1. Show that you can apply the helix-only estimate: for the chain, add -39,500 (n - 2.57) for every DSSP H stretch of four or more residues, divide by all residues, and state [θ] at 222 nm to the nearest 500.
2. Charges on Cβ only, +1 for Lys and Arg, -1 for Asp and Glu, centred on the Cα centroid of the range 227-304; of ALA273, TRP290, LEU251, which one is farthest towards the dipole's positive end?
3. Please tell me the relative contact order of the chain in percent, rounded to the nearest whole number, where contacts are Cα pairs under 8 Å and at least six residues apart.
4. Just checking my list (1) 1.00; (2) 1.16; (3) 0.96 against Rg/Rh (Cα atoms, Kirkwood Rh) computed from this structure; which label fits?
5. Among 299-311, 27-39, 352-364, how do they line up from the highest to the lowest mean number of other beta-carbon atoms within 10 Å?
6. Using a simple spin-label model with points 7 Å from Cα along the Cα→Cβ vector, what separation in nm is obtained for LYS324 and ASP356?
7. Starting from the Cα of THR191, step 7 Å toward the Cβ, then list every residue of the range 49-67 with an amide N under 19 Å from that point.
8. Figure the gain on full extension for THR2 and VAL176 (residue separation times 0.36 nm, minus the Cα-Cα span) and round it to one decimal in nm.
Amino acid sequence: MTNFLIHRFIRNADNVKDSRVREAYGVLSGAVGLACNLVLFAAKLGIGLASGAISIAADAVNNLSDGLSSLISIVGFKLSSRKPDAQHPFGYGRTEYIAGLIVSLIICMVGFEFLKTSIDRILHPSPVAFSAVTVLVLALTMAVKLWMGVFNQRIGTLIDSPTLMAARQDSLNDVVTTGVVLLGMVAGRFTTLPVDGMVGVLVALFILWAGFGIARDTLSPLIGQAGDPQIAAQIERVVCGCPGIVGVHDLIVHNYGVGKSLASLHAEVPDTADIVAVHELIDEAERLVWEKTGVYTVIHMDPITVGNPRIDGMRETVTDILGKLDERLSMHDFRVVEGERQINLIFDILVPFDYDSEQTQELLAQIRTALRARDKRYCAVMTVDRNMIGT
């Protein structure tokens, strides 16, 4: 069925990097979700009203909220595919995250309302009708939701969409909640306890949990999260693969939506290199990063001394000390200024984010002490950096 829908409604389906193809996938997924959820809502609401089961009614309105979520995701994909303009030079890709955030808020509101209703049902229980037709319809809705989960995972993975992966998780959550409702109806036939209300509470809590999870996943890129370590590693490999570039540091990746990123970094080059040739090299590196990763990159040139045995030895001394203090530490932009009685070792030190201000100052003091133990003339002049790439 998934392959049929893709071939029927999406042209050039294999070209997922094309924004129009990506939009078509998103609209297809949203339309399928909207249609399926509206049908499930009508079926469950009818059963819930006929049987008097608040848990089924809660599950029905959950499907209605899922349908609304599908509609919002369609709008999100339509907006995110808009071309860049003067006011938004990096495009509208983040609107997909906003759509996901709106979906999460709707899910949370639905969960909260049915939590209150279910608690009221526990306090004021009422009988629930049971029939084979009810069981059959609920079982069929579970099968539909399971297929929707597989469908959204297939497309979400194909176009790398956080919104569709959230829809996939929501569909699988619905399979669980409907299964719990079904078990609750069966259990209610053998006890006088308010099983329907208890199951309604479980369903409501599950809905709230799903809503909070989606909100967390969509808020993170909107706030500004650390760069993807895989993309960062790929960029570093491309830049370091260019002849004449001996290292990179201070890499920052800004995300403006799926497939829309901007990066900046410092590339280390020998200080004896011809500046015009290095400029051409940097331009070539930026072009290669764009071609191989799709990330627009701005590269700053950092000249460093290489091939000088004395300076290389000092650099190795600093690297050795950092490794012994904390293997996560690293340094860059190493320079040496020698005087008659003092040798200034100037470098930037990359410190993990879990170091607070006091720990950082203690670390710098330890480095200075360790360097003076190696040579009393050594004086460390350090600038603290933080890693902007995720782990």
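Every number here is computed from the coordinates shown, using simple stated rules; none is lab data. Please read all numbers here as calculations on a predicted model, not as lab measurements. Here the Cβ positions follow ideal geometry from the backbone for every residue, glycine too, while neighbour counts run over all protein chains shown.
1. Calculated mean residue ellipticity at 222 nm is -22000 deg cm²/dmol.
2. Going by the Cα projections, it comes out as TRP290.
3. Here the relative contact order equals 13 percent.
4. Recomputing Rg/Rh (Cα atoms, Kirkwood Rh) here picks out (2).
5. Final packing ranking: 27-39, 299-311, 352-364.
6. Label at LYS324, label at ASP356, 2.8 nm between them.
7. Within reach of a label on THR191, which here means backbone N under 19 Å from a point 7 Å along Cα→Cβ, the range 49-67 contributes 53-56.
8. Length gained between THR2 and VAL176: 60.4 nm.
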